[in-house]
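Enquirer: To start, I am sharing the structure in question, which I have written as structure tokens.
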Amino acid sequence: LSSWSPGTPPTRLASVTVSDFIGRRAERHGAPILAVIDQAEELLADPGPRWNHRQRFIDMLRSAVEQHPQLHLLLVVRDVPGALLTSALRSGAFGSTPRHDVAPLSPGGALDAVTGPLAGSGRSFGPGAADGLLADLLTSTLADADGTERTSLGYSVEPALLQVVCGRLWQSLPADVQVMTTDDVRRYGRVSTALAAFCGHAVAVVAEEHEMTASRLRGWLLQTFVEIGRA
């Protein structure tokens, strides 16, 4: 509830149910109420001491949807746990919940995602520049286990990785560059640099949440997932 209402002190939300929270807003606004929960698969994590709390929260979500027709709830889940969550919610208001699968982008879709946002911005990609960015992304993410690189625009593209790379390109590109060349893409949107910076930031954030150093967490990740994988 704090994430849905960041300006409200948590102490005022401690005893508020989801239905009560939505109901107060429904009284003040006649328009639909849109709510999103990302990583909702965590609601079905391995049973443990907090399982009863998670189950209670799922029940509160179901009750809120049943009691407030204005509420439109979007649950974002990953592929594998998504089926488990669907099963857990397959009753009451969740029984007819539509599901929309977001698949990786096709090469054509990825190209549209790269070039489309520039419409009306005064900027554009020069010949081969957008294709070069995608090829660089595929080279970085489709390497074989032995380090052999494969480049082919026949593969699908993960939207999250494309967003990371394009975000860094827009932030790094000088303001006076209107038409991006292949050299501009390599200089300001290098995929390996963008992905390394993104992963480094993610490691630092997680390390801080668990009161440990980033180098210690990075070492554990390498030892657990990289060195064992090579063995």
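Enquirer: How large, in percent, is the carbon and sulfur part of the accessible surface of segment 158-199 at a probe radius of 1.4 Å?
Expert: Details: 1300 of 2410 Å².
The value for segment 158-199 is 54 percent carbon and sulfur by accessible area.
Enquirer: Output ³J(HN,Hα) for segment 210-224: one whole-Hz value per residue in order, computed from phi by the Karplus curve 6.51 cos²θ - 1.76 cosθ + 1.60 with θ = phi - 60°, and x for Gly and Pro.
Expert: Running phi through 6.51 cos²θ - 1.76 cosθ + 1.60 with θ = phi - 60° gives 9, 6, 9, 7, 5, 5, 5, 5, 4, x, 5, 4, 5, 5, 7 Hz.
Enquirer: Tell me which residues come under 5 Å, amide H to amide H, from M180 once H is placed; ignore anything under 5 positions away on its chain.
Expert: So M180 has HN proximity to S124, F125, G126.
Enquirer: Please arrange H29, H68, H210 by accessible surface area, largest first, computed with a 1.4 Å probe and ligands excluded. Walk me through the numbers on the way to the answer.
Expert: Details: H29 100, H68 30, H210 125 Å².
Putting H29, H68, H210 in descending order of accessible area: H210, H29, H68.
Enquirer: Where the accessible area of segment 1-56 is counted over protein heavy atoms with a 1.4 Å probe, how much of it, in %, is carbon and sulfur?
Expert: Numbers: 2040 of 4020 Å².
Accessible surface attributable to carbon and sulfur in segment 1-56 totals 51 percent.
Enquirer: With θ taken as phi - 60° and the coefficients 6.51, -1.76 and 1.60, list the Karplus ³J(HN,Hα) couplings across segment 13-25 in order, rounded to whole Hz; mark glycine and proline as x.
Expert: Values per residue, Gly and Pro as x: 9, 4, 10, 8, 7, 4, 5, 5, 4, 5, x, 4, 6 Hz.
Enquirer: Hey, another quick one. Over segment 1-56, with the other protein chains present, what is the accessible area per residue in square angstrom, probe 1.4 angstrom? Could the numbers behind the result be given before it?
Expert: Numbers: 4020 Å² over 56 residues.
The answer is 72 Å² per residue.
Enquirer: Any chance you could run the full-extension gain for H72 through W4? It's 0.36 nm times the residue separation minus the Cα-Cα distance, nm to one decimal.
Expert: Length gained between H72 and W4: 23.1 nm.
The values are calculated or read from the model by the stated rules, or taken from the named source; none is laboratory data. All values reported here derive from a predicted model rather than from experimental measurement. To get the accessible areas, we keep the full protein, side chains included, count just its heavy atoms, and leave off ligands, DNA and RNA. Shrake-Rupley method; radii C 1.70, N 1.55, O 1.52, S 1.80 Å.
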